[in-house]
Every structure is written in structure tokens, then in C-alpha cells.
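The values are calculated or read from the model by the stated rules, or taken from the named source; none is laboratory data. Values in this document were obtained by computation on a predicted structure and should not be read as measured data. Neighbour counts run over all protein chains shown; Cβ positions are idealised from the backbone, glycine included.
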Amino acid sequence: MTEAFIYDAIRTPRGKGKPGGALYEVRPLELLGALLVGLKERYQLDTSLVEDLLLGCVTPIGDQGYNVGKAALLYADWSDRVPALQLNRYCASGLETVNLCAAKVQAGLGRLFLAGGLESMSRVRMGSDGGALLTDPELISRVPYLPQGVAADLIAT
């Protein structure tokens, strides 16, 4: 089995997740795009060598919708041959993309992948995408579901 390695870890600036926060005026596309430009410049990267971008995003609507990963690749002037997959595994979305990229390398499905997560909570409110687990009274009454954020708080306290 081929070994998988994490080559680098970079992140965007952080700010308060609320309207008027330090990064409120910066669109998620711009945040991720700046990171991709920085990565390309740091390694003089031929972006066509990248097999895929896997991006975790809990609330893929509005500024973060319609596969913001692919949009950011194009915004950052990466090769248009690089695809992007966006997934929602709630709080573990970014970590899940790292695991999936490692599994793809180990399975021989490619050699160079990008993994990460994006969430602009000052621009896209948590839970604003709705969905049955938040809005369907019948399902909510039948299924004992505890949102991950609440569960994490219970574990921490």
C-alpha cells in the first residue's frame, strides 16, 4: 500500500463569526482563493498536477454554495482541469477531507490532493441551510438526534 503524507498545512486568518466581525466583508471565495494563490506561489506549483480539491463545508449555501471549492480554484487562477468536491460531515468536514485524500493516495487513485474546510460563520448563519433534521417536525419527534455542537458542549462540560 502506498503511504500518504501531509505535505503542508496552511490556514486563512480568523475573526469573530458574526456580522461586523473582522472578516465579515471578505467573501468565502476570497478567503479560500487567497490561500490557494499563496500555496501556488509558495511551491511554484504546477496546479495541473493536483488531482482534486476536497473541501468540507457545513453550510454550502449563499456565498459558500454551488461548490465554492471549484469556484475558488478558478478565482485563484488554478488549472481548470483540477476538480473539486464539497462535502458536509458537520464539525468533522475538514478532517474527513484529509482522511479521504489519504485513502485515495493509499488506493493508488492519485498522488497529489488538497484537503481542507471552509466556513464563514459571519456571512452564512449556522443551520441556515435548513434540512429535515432541523425543520421537519415529524422526523424531529421520531428520531433522537443531538446536533454535534450540542453534543460537543455536553462532552466538554
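Can you find a residue that is part of a strand (DSSP E or B), under 16 Å from the mean Cα position of the chain (by Cα) and at pLDDT below 95 anywhere in segment 90-108? Looking through segment 90-108, at least one residue is part of a strand (DSSP E or B), under 16 Å from the mean Cα position of the chain (by Cα) and at pLDDT below 95.
Counting the residues of segment 132-157 that are at pLDDT 85 or above and assigned to a loop (DSSP other than H, G, I, E, B) gives 3.
Filter segment 20-46 down to residues that are under 25 Å from Tyr66 (Cα atoms) and of a type in the set (Asp, Glu), then give me how many there are. Residues that pass the stated criteria total 2. For segment 40-50, does any single residue satisfy the condition of being under 20 Å from Gly127 (Cα atoms) and either polar (S, T, N, Q) or crowded, with 18+ Cβ neighbours inside 10 Å (or both)? Checked against the condition, which is being under 20 Å from Gly127 (Cα atoms) and either polar (S, T, N, Q) or crowded, with 18+ Cβ neighbours inside 10 Å (or both), segment 40-50 yields no hits at all. For segment 68-88, indicate whether the set of residues that are surrounded by fewer than 18 Cβ atoms within 10 Å (Cβ to Cβ) and in contact (Cβ under 8 Å) with a residue 60 or more places away in the chain is non-empty. The answer is no, given that none of the residues of segment 68-88 is surrounded by fewer than 18 Cβ atoms within 10 Å (Cβ to Cβ) and in contact (Cβ under 8 Å) with a residue 60 or more places away in the chain. Each residue in segment 1-24 was checked for being in contact with a Lys or Arg (Cβ under 9 Å, 6 or more places away or on another chain), in contact (Cβ under 8 Å) with a residue 12 or more places away in the chain and either outside any loop (DSSP other than H, G, I, E, B) or of a type in the set (A, V, I, L, M, F, W, C) (or both), and 3 pass.
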